[in-house]
Structure formats: structure tokens, C-alpha cells
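This report refers to the structure that appears directly beneath it.
The values are calculated or read from the model by the stated rules, or taken from the named source; none is laboratory data. Since this is a predicted model, take the numbers as computed values, not measurements. In this analysis, Cβ positions are derived from the backbone assuming ideal geometry, glycine residues included, and neighbour counts consider all displayed protein chains. Remember, those area values only see protein heavy atoms, side chains included, never the ligands or the DNA or RNA. Shrake-Rupley method; radii C 1.70, N 1.55, O 1.52, S 1.80 Å.
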Amino acid sequence: MSDKGSTYLDKILAAKRAELAAPRATRSGALTDRELLELGARLPRPRDFIGALREGPRPGIIAEFKRASPSAGALREGADARQIAMLYAAGGATCMSVLCDKHFQGSLDDLRTVRQSVALPLLAKDFILEKTQIVEAKRVGADCVLLIVAALPAPQLRNLIEFSHSLEMQVLCETRDEAEIDRAMAAGAKLIGVNSRDLQTFELDPDRAAKLRKYVPKSFTYVAESGVRSIDDALRLRDSGADALLIGSYFMTAEHPGEALRELVMAL
Ligand SMILES: O=C(O)c1ccccc1NCC(=O)[C@H](O)[C@H](O)COP(=O)(O)O
């Protein structure tokens, strides 16, 4: 629990709201919904993030670029986004996730660098609360955005999913229990993530994604997020029916991230 009894997620979201309320260098901060839609529609067409996961080998690997995290601190200080992206692409990643939040020593510039370096479909891993962030993510080359169910009231969740889809962007809807899975599916999500890390306390429940798999029909794409610390963890999640694994720390702390990824892909 962080200061004043708020959770870590509350603290990160409060910082994001303050960031969004501050004057912005980009135009999107002052546009109407219609203008945002028109601006976003003029940007290059996104890649098919979900299609890559469903058409590639199962489980797909979403390899994450993450220099640091609130729970673990520094993972790979000063890591070069272009270098890691190229190692992930060569190592067999299906897609990439790029942490774009300052609490992870990340930024949208990192996503732009990754976009300019590899052809993999990209997930903007950020704390998205409003449409301008979706347009900004598309502007720097994201194909998919993260929406955290725990951070968004139902109407806002649906609104942001519909807006993303109107821009041909896909959404990874992140959940942590059966009720949130139901909310995500009711809101129109087609890509459902279960985070084994509790974002309020950082506790890891290595069985959460396997336990919740039965609540998501096969017509949806199911992503097990966080907590893979070995090939055995990956094999167990594969056997539990995950369509994709989102893995960050395991690769980012490896001496040779590309080799660690290649070894895991070969084992699956
Ligand atoms: O990773 C954290 O400490 C964290 C804290 C608060 C909100 C989100 C956080 N992580 C984002 C993620 O979910 C992970 O970066 C991603 O799932 C990969 O997890 P891992 O493979 O365990 O690094």
C-alpha cells in the first residue's frame, strides 16, 4: 500500500490524470470528440495485433519492453528500445508490448522508436483514461491499446473500446477476476487479459490466469499477463489454454533477452 492508504494503482492513475490535465504540446489535447475521430482516422492503418496472436503459433508471445517497474524497481537501466525490439523480433516474438508510462521509465517516444525498428504488432502499455491517449498511441505507431477494467467505470470502458475500434485500433482489456472478465466482454472487448499481478498490491498469483481461463469463450483471445519467471511457468500457462503470454521482466532481466526469448519459444 502506498502513502495515504491509496493503492499503487490509485497513485499511478492520479499521476496520469494530473499529466492529462496539464497543458499539452500535442494538438489532440484540445480537440472535440469528432475532431479526435477525424484526426485518428487520418493516421496510418494499424496492424492486426489479435490476428497475429490467433494465426501464429499458440501461445503467442507478447514480449514487453520495460526498463523498470514500481514493483521491481530497475530491470534494465537505460535499455535501448531499438536494440531490445530487434532482439525480440529476431527471437520469435509474435507481438510487442511497450511500457509508455514514466513510472516504468517509459514514454510514447519509446513506442515510436520500436515502431521504426520492427514490423511486429505493438501494444501501447499505458494507463489510458481518455480518447486523446488512444489517438496519441496510434500517432506513434501502436496497433493495440491497454484498457484496465479496474481503472474505468463501465460506460467509460465501453466508450473507449468503441472509440478504439472506430480507429481500427484493437484493445487488450485487462482483468483480474470473473466479474471484470464479464464487464470486459459486455463492453465489447475481443482480447481479454488476466494479470497475475495485483496492480493494487503488486502481489503475484501465478494460478490466476489458469483459474480464470474457463470464463472466456474460445471466440475471444485470452492473454496471460505477468509472472512468467521460467519456461515451466510458460508451459503451465500454455497447458491451461492461454492463447498468448505477455512477458516482460523475464526477458528484460536476462543477460541475453533475445536468446531467453528464443529458448522459451522453442520450448513451447
Ligand atoms: O509491473 C509492475 O510493477 C506494475 C505495477 C503497477 C501496474 C502495472 C505493472 N506492470 C505492468 C504489467 O502488467 C507487466 O509489465 C506485464 O504484465 C509484464 O509482467 P512481467 O512479465 O511480470 O514483468
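Between their Cα atoms, which of Lys11/Lys131; Lys11/Lys211; Lys131/Lys218 are more than 25 Å away from each other? Long pairs (Cα-Cα over 25 Å): Lys11/Lys211; Lys131/Lys218.
Let me have the 222 nm mean residue ellipticity of the chain computed from DSSP H runs of 4+ only, each contributing -39500 (n - 2.57), with the sum over all residues rounded to the nearest 500. Let's see the in-between values first.
On the way: 12 runs with 109 residues, N = 268.
The helix-only estimate for the chain comes to -11500 deg cm²/dmol at 222 nm.
Phi-derived couplings, Karplus 6.51 cos²θ - 1.76 cosθ + 1.60 at θ = phi - 60°, listed residue by residue for the stretch 42-58: 7, 7, x, 5, x, 7, 8, 5, 5, x, 4, 6, 7, 8, x, x, 9 Hz, with x used for Gly and Pro.
When the surface is traced with a 1.4 Å probe over the full set of protein chains, Ser97 keeps roughly 0 Å² accessible. Each Lys and Arg Cβ is given +1 and each Asp and Glu Cβ -1; about its Cα centre, the chain then shows a dipole of about 480 debye.
Of the residues Gln105, Pro46, Ser249, the one whose Cα sits farthest toward the positive end of the charge dipole of the chain, with +1 on the Cβ of Lys and Arg and -1 on the Cβ of Asp and Glu, is Pro46. In this structure Tyr250 has an accessible area near 50 Å², from a 1.4 Å probe over the protein heavy atoms.
Might you tell me the accessible area per residue for the stretch 3-267, computed with a 1.4 Å probe and given in Å²?
That works out to 42 Å² per residue.
Largest to smallest in accessible area, the residues Tyr222, Tyr8 fall in the order Tyr8, Tyr222 (1.4 Å probe, all protein chains included).
Distant-in-sequence amide contacts of Glu64, defined by a placed amide H-H separation under 5 Å and a gap of 5 or more residues or a different chain, comprise Ser97, Ile247, Gly248. Computed over neighbours whose Cβ is under 13 Å from that of Gln133, the net charge equals +2, Lys and Arg +1, Asp and Glu -1. Note that the stretch 123-130 has calculated 3J(HN,Hα) couplings of 9, 7, 8, 9, 9, 8, 10, 8 Hz, one per residue in order, obtained from phi through the Karplus relation 6.51 cos²θ - 1.76 cosθ + 1.60 (θ = phi - 60°); glycine and proline are x. Each residue of the stretch 182-194 is assigned a 3J(HN,Hα), and the resulting list reads 4, 4, 5, 5, 5, 7, x, 6, 10, 10, 10, x, 10 Hz, derived from the Karplus form 6.51 cos²θ - 1.76 cosθ + 1.60 (θ = phi - 60°), x at Gly and Pro.
Between the amide H of Ile148 and those of Ile128, Glu174, distances stay under 5 Å, these residues lying 5 or more places away or on another chain, with hydrogens modeled in the peptide plane. Rolling a 1.4 Å probe over the protein heavy atoms of the chain, with every protein chain left in place, gives an accessible area that is 52 percent carbon and sulfur.
Other residues lying with their Cβ under 10 Å from the Cβ of Ala189 contribute a combined charge of +2, Lys and Arg counting +1, Asp and Glu -1.
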